[in-house]
Ligand code: AMP
């Protein structure tokens, strides 16, 4: 089953720089059957359970997270790059390969104790998702899972998230970077 999803993802060597294989999900999103299958598989463990909010990480997490939220009858919360959200925000810094960046969410986007699932397209080193989980936990969310279409297990990102007591689920894995 995941073979189909894997085949729907385009791999672009040496993008955005030499040595990185970019896993491009635009081909999956453009394929109606693959897109539906990915969303169906992402929501499958949660159907029939109460999920209050889906938090999606800018930008590909918005597309997947919006569809997951709709399917689970949950609200959607955008986690955005610094300076993009108009209302009062909570913010967290995180390390990038070169330097530091920040991500933000609206302070009132999640009420304390609400059950939230974090969604993004891919987990690599886990730095991005780790910051997002910490941001959600900071405002009192109960982060019940972090879900990804793709895991790059060689980079160990899932372990970082599990260390925050948040289970990780990915649909497919690619070896290497
Ligand atoms: P990380 O913080 O290292 O887990 O990186 C995860 C974020 O960077 C996600 O939002 C991904 O969309 C993006 N990303 C990292 N590596 C790749 C890759 N090889 N192909 C596509 N996107 C990637």
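Every read-out reported here was derived from the displayed coordinates using simple, explicitly stated rules and does not represent laboratory data. The shown structure was predicted, so the numbers you read here are calculated from the model rather than taken from an experiment. So basically every Cβ, Gly included, is an ideal-geometry build from the backbone, and we count neighbours across all protein chains shown.
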Helix-only mean residue ellipticity at 222 nm for the chain, each DSSP H run of n ≥ 4 adding -39500 (n - 2.57), per residue, nearest 500:
-8500 deg cm²/dmol
Let me know the shape class of the stretch 82-142, please: from the alpha-carbon gyration tensor, a ≥ b ≥ c as square roots of the eigenvalues, rounded when a/c is under 1.5, otherwise prolate if a/b is greater than b/c, or oblate.
oblate
For the chain, take the alpha-carbon Rg, divide it by the Kirkwood Rh, and send me Rg/Rh.
0.95
Shape descriptors of the stretch 35-111 over alpha-carbon atoms, Rg and Dmax in angstrom, are 14.1, 42
Arranged by the count of other C-beta atoms within 10 angstrom, fewest first, what order do 87, 106 take?
87, 106
Most mobile of 27, 128, 49 in a GNM of the chain (Cα contacts under 10 Å)
49
Per the Kirkwood treatment, what hydrodynamic radius in Å, one decimal, follows for the stretch 1-61 from the mean inverse distance over all distinct Cα pairs?
13.4 Å
Return a whole-number percent for the relative contact order of the chain, with Cα pairs under 8 Å and 6 or more residues apart as the contact set.
18 percent
Under a 10 Å cutoff between Cα atoms, tell me which one of 35, 76, 22 has the largest fluctuation in the Gaussian network model of the chain.
22
When the chain is treated as a GNM, springs tying every alpha-carbon pair under 10 Å, which of 52, 151, 24 comes out with the largest mean-square fluctuation?
24
